[in-house]
Each structure stands twice: as C-alpha cells, then as structure tokens.
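To keep things clear, I will list the structure first and then write my remarks on it.
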Amino acid sequence: MDETERICACYHHPWLQYVVRQPMTNASLREHPGIDARNAATASRLPAEAVAAGRIVSTTPSQAARTGSYLPFSFWA
C-alpha cells in the first residue's frame, strides 16, 4: 500500500469501529488488516500520518498515541 491508501484505510477504520460502538485504537487498527504484533510500530505510525493529513482526530490528545482513540475528521467537525 502506498501512503495515500494507508491514510484512506486509517480514515475508514474509525467509521467501522463507530458502527460497532467501539473506539478506534492502535490495537483495533492492528487487528483489522492483521498487522502482526511484532510490527506494532506500523499501527502507531498510521494514525499519526492520518492525523497529520487531517483525516482523523485524536479524542484523547493528552494521552500517549498507543493508548489514544480516534474519530474520522468529518464526524468530529
């Protein structure tokens, strides 16, 4: 996946989590595409890229990224 596709996937995941009434976290993002636990850094980098691109927002900006949760930007706005 290129960067645009990763950000797009990271944007759609919080919507899927919202439907099942669960927050998007790094752990849920890691489970969704099957990212191995050894590559947990990848799951941490994806939300950071999506936040920087303005696609998602952190609902817990004061917490560490690995324990935070996220919403799609259009939902938040």
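For segment 13-25, give me the residue count where each residue is outside any loop (DSSP other than H, G, I, E, B), surrounded by 13 or more Cβ atoms within 10 Å (Cβ to Cβ) and either of a type outside the set (S, T, Y) or on the phi > 0 side of the Ramachandran plot (or both).
Selection size over segment 13-25: 5.
In segment 26-35, is there at least one residue being in contact with a Ser or Thr (Cβ under 9 Å, 6 or more places away or on another chain), surrounded by fewer than 17 Cβ atoms within 10 Å (Cβ to Cβ) and at pLDDT 75 or above?
Within segment 26-35, none of the residues are in contact with a Ser or Thr (Cβ under 9 Å, 6 or more places away or on another chain), surrounded by fewer than 17 Cβ atoms within 10 Å (Cβ to Cβ) and at pLDDT 75 or above.
Any chance you could count how many residues in segment 37-65 are assigned to a loop (DSSP other than H, G, I, E, B), modelled with pLDDT of 75 or more and either of a type in the set (V, I, T) or more than 14 Å from R6 (Cα to Cα) (or both)?
Looking only at that region, the number is 2.
The values are calculated or read from the model by the stated rules, or taken from the named source; none is laboratory data. All of these numbers come straight from a predicted model, not from anything done at the bench. As a convention, Cβ positions derive from the backbone with ideal geometry for all residues, glycine included, and neighbour counts pool all protein chains shown.
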